[in-house]
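The values are calculated or read from the model by the stated rules, or taken from the named source; none is laboratory data. As the structure is a computational prediction, the values presented were derived from the model and not from experiment. In this analysis, Cβ positions are derived from the backbone assuming ideal geometry, glycine residues included, and neighbour counts consider all displayed protein chains.
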Amino acid sequence: MTGTGGAVSHPCSALEGEVSAPGDKSVSHRALMLAGVAVGETKIDGLLEGEDVLATAAALRGLGVEVERTGPGRWQVHGRGVGGLVEPEDVLDMGNSGTAARLLLGLLATHRLTATLTGDASLRSRPMRRVSEPLSRFGAAFHGRADGRLPLTVVGAGAPVPVRYELPVASAQVKSAVLLAGLNTPGETVVVEPSPTRDHTERMLRHFGACVQREEGGVVRVAGEPELVARAVSVPGDISSAAFPLAAAAILPGSRVTVTGVGLNPGRIGLVETLREMGAGIAVANERVEGGEPVGDITVAWRPLSAVDVPPERVPSMIDEFPVLAVVAAFAGGTTRMSGLAELRVKESDRLGAMAAGLAACGVAVRESADTLEVEGGRPQGGVGIASRLDHRIAMAFLVLGMGAREAVRIDDIAPVATSFPGFVGLMNGLGAAIEA
Ligand code: S3P
């Protein structure tokens, strides 16, 4: 029934237990990349060993960086210093990861080298002009397909000039690409963001010794040509992965689940705020700062949920959590309205379209517009097959839906889950789920 790579999520009863989430994907990519341009040996602990991050490690090796796994989640990187990356002999395959591709294009744009990046069918369909356009202003040239998508060749600027760039969309990836390009550029590079997005790049740049300043009005400045010095990095658990067991606890009566050691960066915790507004029982404990990032343990205890309106200004702080929030909304009393979702259309899949179609197939009443989604809550019927569309979060969201639906939900291909959450099925089943892979 499951077929190669498929899975079935059967309805189950309450979830119970304490788990830790895999390492944060955003922080893992940045840790490897910044270690690669720091001077000396960086030791990383808690690195996400998902396919996306392994692709970043492989790309850095292709650029002359020594990257070595020394134990589970433990990695050692011998950096080449700012501006020290070398021309790769082969195409760099970034797999499924938009973050890896865009941030690396940023670094490469101000190196005197030529490199070609590609990725899987999902990544090759995603917009890259949003980075090639600002990176061209440093003096880099881009050659590729007419639509600007991968495969894409970057010819890095030999004599880069600093840039001041106002982001047309709230995107941490674009902000980060520009800041990373600013490293091997004399003078000051400035990015202005329309609304705040995750600031992992800024925090980690400071951790490695760069001078990064944030001012009123979303202005972020990085001083060029810093000497980045190798530093130990401890990667927090990924709140975007923790979201799945926590959301499952929120919809299954009687559940209580704790995820320990989760990153609580203010630019990432919109889902926690939203679940709280919906009425879920939420507690955060053991709050601390590790490696410049706030971390804590999150517990969700089931309580009856009510629908909410999610305001557009909250979107960047939960941009990757809308698939699972849409599932939670399908179990909440009333109609949940989400707006400002245009960016969801250019993620690993068109997530707005995928959620609307998948929820409708599961018997949920939904309304979709160009950038909004409305979901009427109740108890979804399920009993259908859903295509994961090369999108890990679509696969995991519908596996969570199956746990609370009247009938099982089948996913055609859960292989993409390995990009961000290796061990997802085992972890969920350990809490009481009944997922057959
Ligand atoms: C990420 C930023 C977000 C997010 C992605 C990871 C990052 O993308 O969707 O999964 O690590 O910077 P945008 O900033 O482009 O919205």
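Looking across region 37-95 at every residue that is small (G, A, S) and buried (at least 19 other Cβ atoms within 10 Å of the Cβ), the one that is nearest to D391 (Cα to Cα) is identified as G95. Being away from the ligand (no atom under 16 Å from the Cβ), part of a loop (DSSP other than H, G, I, E, B) and touching a residue at least 24 places away in the same chain (Cβ under 8 Å) is a property that A250 lacks.
The combined condition, being more than 16 Å from the ligand (Cβ to nearest atom) and in a strand (DSSP E or B), is fulfilled by A115. Within region 113-137, residues that are within 17 Å of N184 (Cα to Cα) and assigned by TED's automatic domain parsing to the domain that holds T189 have Cβ atoms under 8 Å from residues that are among the acidic types (D, E) and more than 14 Å from the ligand (Cβ to nearest atom) in these pairs: L113/E87; T114/E87; A115/E87, counting only partners at least 6 apart in sequence or on another chain. A residue that is more than 17 Å from the chain's Cα centre (by Cα), at pLDDT 95 or above, assigned to a helix (DSSP H, G or I) and in the same structural domain as T185 (by TED's automatic domain parsing) occurs nowhere in region 38-51. Just one of the numbered conditions (1) out of contact with any Leu (no Cβ under 6 Å at 6 or more places or on another chain); (2) among the β-branched types (V, I, T); (3) touching a residue at least 60 places away in the same chain (Cβ under 8 Å) is not true of V308; which one? Just one mismatch for V308, condition (3). For region 135-147, a residue qualifies if it is under 23 Å from S122 (Cα atoms) and either at pLDDT below 95 or buried (at least 18 other Cβ atoms within 10 Å of the Cβ) (or both), and the qualifying residues are L135, F142, G144, R145, A146, D147.
Out of S195, S171, one residue alone is under 22 Å from the mean Cα position of the chain (by Cα) and either of a type outside the set (S, T, N, Q) or crowded, with 17+ Cβ neighbours inside 10 Å (or both). It is S171.
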